[in-house]
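Here is the structure we will look at, set down as structure tokens.
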Amino acid sequence: MDARSLLEAMAVAERLKDVTRHCYTKNGRHESVAEHTWMMTLMGFWLKEEFPEADMDKVIRMCIIHDLGEAFTGDIPAFEKTAENEEREENLLQAWVDTLPGSVSGEMTALYREMAERKTLEARLYKAIDSLEAVIQHNISDLSTWIPGEYELNKTYGEDKVEFSAYLKTLREEIRWDTLKKIGEA
């Protein structure tokens, strides 16, 4: 990627530092999309030994790019996002990706397709990490930042994304236990 293209791409990606998510940090500040992405990427790195058959470098690349569309639309919580919202985000993202240099554009388009189809181990891992990181962050944040629906959502969110892995099912159970303790049901 030539220097000017890199700088232009970085300027778009930098927007995610200011796009806030519904979730909060431990100290009561809205989490940014960039922070969520960083935590997911770190989680993927730490899971490498648990999934030796997976290309975890690819999983990490998926984690890095998964929410770039929110640089154009902002973040819409999963429990509020509609099919129209998703289509608009995908269209804006793909229009931008198409402007990137050929090799980068091609790799990103292929990764987004693989992520959407969720047929590969890597795509399933990325999606599980995405879901689990959100629940983990809720458990880290102060309970006063939760909305009423999150008490039940935090007990079950992401269960369908971990069914393919005994390790991830165990992790999901540990996260649920943290949720139950947090809300006073354990």
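Readers should treat all values here as calculations from the given coordinates under stated rules, not as data from a laboratory. No experiment lies behind these values; they were computed from the predicted model shown. Cβ coordinates were reconstructed from backbone atoms using ideal geometry, including for glycine residues, and neighbour counts include every protein chain displayed.
Dipole check for region 83-186: with +1 at the C-beta of Lys and Arg, -1 at the C-beta of Asp and Glu, and the Cα centre as origin, the magnitude is about 360 Debye.
Going from the residue with the fewest nearby Cβ atoms within 10 Å to the one with the most, 112, 151 rank 151, 112.
Compute the Cα gyration tensor for region 1-71, then decide on rounded, prolate or oblate, letting a ≥ b ≥ c be the square roots of its eigenvalues: rounded whenever a/c is under 1.5, prolate when a/b is larger than b/c in the other cases, and oblate in all that remain. Oblate, since a/c reaches 1.5 and b/c is not below a/b. Distance between the 7 Å Cα→Cβ label points at residue 120 and residue 30: 3.4 nm.
Name the GluC sites (Glu not before Pro) in region 16-99 that are in a loop by DSSP and that have at most 14 other C-beta atoms within 10 Å, would you?
Of the GluC sites (Glu not before Pro), the ones in loops of region 16-99 whose Cβ has at most 14 other Cβ atoms within 10 Å are 53, 80.
Computed FRET efficiency, Cβ-Cβ of residue 109 and residue 38, R0 22 Å: what is it to the nearest 0.05? Approximately 0.40, to the nearest 0.05. Exceeding 25 Å between C-alpha atoms, which entries from my cross-link table qualify? They are 26/155; 119/181; 48/127; 48/81. Beyond 25 Å between Cα atoms: 119/181; 48/81. Checking every one of the trypsin sites (Lys or Arg not before Pro) in region 1-97 against DSSP loop status and a limit of 13 other Cβ atoms within 10 Å picks out 26, 29, 81.
Annotation: Cα Rg of the chain relative to the compact-globule expectation 2.2 N^0.38 Å equals 1.05.
Rounded to the nearest 20, the size of the Cβ-charge dipole of the chain about its Cα centre is 320 debye, with Lys and Arg at +1 and Asp and Glu at -1.
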